[in-house]
Amino acid sequence: MQNITITDTIQYLGVDDKEIDLFESQYVVPDGVSYNSYAIMDEKVAIMDSVDERATESWFANLDKVLGERLPDYLVVSHLEPDHAGNMQKFMERYPNAQLVVNAKALSMLPQFFTLDMSARSIVVKEGDELSLGKHVLTFVMAPMVHWPEVMVTYDKTEKVLFSADAFGKFGALDVEADWACEARRYYFNIVGKYGMQVQALLKKAAALDIRIICPLHGPILKDDLSYYLGKYQVWSSYEPEDKGVLIAYASIHGNTKAAAEKLAKLLEERGAEKVVLSDLSREDMAEVIEDAYRYDRMVLASATYDAGLFPCMDSFLAHLKAKNYQKRTVGIMENGSWAPMAGKCMKESLAQMKEITVLEPTVTIKSTLNEASNAQLEALAEALV
Ligand code: FEO
């Protein structure tokens, strides 16, 4: 177990998972992921969430170590997704006198996941309800769709600690030194990104609390300069760009669309663009490209035409952006087609389904390789972008 000090009476119980290949079966996590769980030791003992079934043994070993001779009184459940609720039933079977602390929505969903009927052992809480553990008083704050419907966060009034569920989480095990924003941003936009409005609602509630420490369900415990993390969440959840820059996302079959994308990058750099990021949609981690699409204020889509439509990785990228509520950006279009270029039309149709997207003129149309006419369009698009 990671030796993490939160406060004298709040202990870390979580587990690092560095064996997992894909988090949620889709996100590469080269530095693993942590499933965080906490114990509040008071006259009553509250355990804040369980962990994924992949980490059952380690979690119970951590519980034994932290609890010693004591027994837990409550398991507070913020979220039923299996990376946190995976050991709820085993916990309730192991500690027959413990009670669940859940909201009504979570209670109604329990039979979907568990065979043990835990309803008679559940304390059902709603917005603003309090639970006293002795010195600690817990207040429950509903956070629906951050990022499942039953989510609630818990505020410990006594020590001013917010147990924030998935909010403020990040990829990466806790024993890996890493910049917080990089993997927190990739986590946020890919997992929570669709629900910006709901995150804004939670931030509003959080603003009314005096928070000293944030304990998320993934990633490090946040203690210093909380305004930095809250500020990032404010920007991300409002869909405003974080930085000035141009993402050029390309889908190239034989390298000609890639060459045109690289030429555009050069033209932008020559014109003093603040930042230019080139991403090969065929090869790069899609989640990383989605993160960059949100991070920067401008994006260029460059795609080959394929089967009279889009090259599949561009199609998939746009489908992801639409699903994640991508909006409020300026976009340039580059299409390639050796006999009937269709990619530009398809990309514009996808963008038309997103909110507040400004499509720049001109569209660059390449027929196989750049020529005088398409080079002139490329120059014009570069001008329009800076
Ligand atoms: Fe980390 Fe939504 O589960």
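The values are calculated or read from the model by the stated rules, or taken from the named source; none is laboratory data. Small disclaimer: the values here were computed from a predicted structure and weren't measured. Positions of Cβ are backbone-derived with ideal geometry, glycine not excepted, and every protein chain shown enters the neighbour counts.
Miscellaneous remarks
- With respect to (1) within 16 Å of the ligand (Cβ to nearest atom); (2) in a helix (DSSP H, G or I), the lone exception for N62 is condition (1).
- Residue ID - farthest from the ligand (Cβ to nearest atom), chosen from residues in the range 9-51 that are among the polar types (S, T, N, Q) and assigned to a loop (DSSP other than H, G, I, E, B): T9
- Taken as a whole, the range 78-101 holds at least one residue that is assigned to a helix (DSSP H, G or I), away from the ligand (no atom under 16 Å from the Cβ) and of a type in the set (A, V, I, L, M, F, W, C).
- Test for A207: is it modelled with pLDDT of 95 or more and in contact with a Ser or Thr (Cβ under 8 Å, 6 or more places away or on another chain): no
- Residue in the range 146-168 that is of a type in the set (S, T, Y), within 16 Å of the ligand (Cβ to nearest atom) and either out of contact with any strand residue (DSSP E or B) (no Cβ under 7 Å at 6 or more places or on another chain) or under 20 Å from L75 (Cβ atoms) (or both) present: yes
- If you filter the range 348-378 down to residues that are under 36 Å from the mean Cα position of the chain (by Cα) and assigned to a helix (DSSP H, G or I), you find that the one that is farthest from A323 (Cα to Cα) is L378.
- Answer residue from the range 155-169, given it is of a type outside the set (V, I, T), over 13 Å from the mean Cα position of the chain (by Cα) and assigned to a loop (DSSP other than H, G, I, E, B) and is surrounded by the most Cβ atoms within 10 Å (Cβ to Cβ) among those: S164
- Test for I6: is it more than 16 Å from the ligand (Cβ to nearest atom), touching a Cys at 6+ places or on another chain (Cβ under 9 Å) and among the hydrophobic types (A, V, I, L, M, F, W, C): yes
- Scan of the range 221-255 for residues that are of a type in the set (F, W, Y) and either part of a loop (DSSP other than H, G, I, E, B) or surrounded by 15 or more Cβ atoms within 10 Å (Cβ to Cβ) (or both), ordered by number: Y229, Y233, W236, Y239, Y250
- Filter result (within 10 Å of the chain's Cα centre (by Cα), without any contact (Cβ under 8 Å) to a residue 60 or more places away in the chain and outside any helix (DSSP H, G or I)) within the range 170-200: K170
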